[in-house]
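Engineer: Before anything else, here's the structure in question.
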Amino acid sequence: MKKSESKKVLNAQEIKKNLERLCKEILREHRGSEHLAFIGIRTRGIYLAKRLCEIMKKLEGREMPLGEMDITLYRDDLNTLLPDGKVDHTRIPFDVTNKRIILVDDVLNTGRTVRAAVDHLIDLGRPRVIHLAVLIDRGGREFPIAANFVGKKIKLSAEGEVKVRLKEVDKVDEVVISR
């Protein structure tokens, strides 16, 4: 692949199959869905969490608690992103205490977003466990953070880019990388 070329690594059907597999892995790891709750990290993690909950409902026959998290106020680069304002679009309509939280994001890279999300979650209560589910793990960690459930692993240099496009936001389901 030349420097500016991009390559599709997942299409809509492959994204769906990966999410179905992740649900089965989550159920196996947690021995069912009791006390499970899903929290999607804004923006695309929310849509992935919703899809996982829909799949879980088909598999388990019941609604799963679902929340969305905005980690903006917990980022370590907040001053450069938001010098004079506040934004918090976190909506978690359930108590996180003693829940088995599945934190959902689209891409795991440096680990900074996940660190911020865990900090935010701990401020809301004391979950029994926090597990991370991501569609793409691209490597490049700056923090000692690993996903418990991964759709696809991709080795990509720091200059490379992963674009997760979801129909809810982008009108198409695909994952594209560029180097």
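The values are calculated or read from the model by the stated rules, or taken from the named source; none is laboratory data. In this text the structure is predicted, and so the values were computed from the model without any measurement. Quick reminder, even Gly has a Cβ in these numbers, built from the backbone with ideal geometry, and neighbours come from all protein chains shown. Accessible surface is based on the protein model in full, side chains and every heavy atom, while ligands, DNA and RNA are left aside. Shrake-Rupley method; radii C 1.70, N 1.55, O 1.52, S 1.80 Å.
Engineer: Just wondering, is there one or more residues in the range 148-156 that are assigned to a loop (DSSP other than H, G, I, E, B), out of contact with any Leu (no Cβ under 7 Å at 6 or more places or on another chain) and on the phi > 0 side of the Ramachandran plot?
Structural biologist: Within the range 148-156, not a single residue is assigned to a loop (DSSP other than H, G, I, E, B), out of contact with any Leu (no Cβ under 7 Å at 6 or more places or on another chain) and on the phi > 0 side of the Ramachandran plot.
Engineer: Restricting the range 144-163 to residues that are within 19 Å of A116 (Cα to Cα) and touching a residue at least 40 places away in the same chain (Cβ under 8 Å), which is surrounded by the most Cβ atoms within 10 Å (Cβ to Cβ)?
Structural biologist: If we take residues in the range 144-163 being within 19 Å of A116 (Cα to Cα) and touching a residue at least 40 places away in the same chain (Cβ under 8 Å), then F149 is surrounded by the most Cβ atoms within 10 Å (Cβ to Cβ).
Engineer: Another question about this same structure. What do you reckon, is L132 buried (at least 21 other Cβ atoms within 10 Å of the Cβ) and closer than 22 Å to E25 by Cα?
Structural biologist: yes
Engineer: Name, by its number, the condition in (1) out of contact with any helix residue (DSSP H, G or I) (no Cβ under 8 Å at 6 or more places or on another chain); (2) exposed (fewer than 15 other Cβ atoms within 10 Å of the Cβ); (3) touching a residue at least 24 places away in the same chain (Cβ under 8 Å) that does not hold for G61.
Structural biologist: (3)
Engineer: Testing T97 on (1) in contact with a Pro (Cβ under 6 Å, 6 or more places away or on another chain); (2) open to solvent by 30 Å² or more (accessible area, probe 1.4 Å); (3) not acidic (D, E), one condition comes back false. Which one is that?
Structural biologist: (1)
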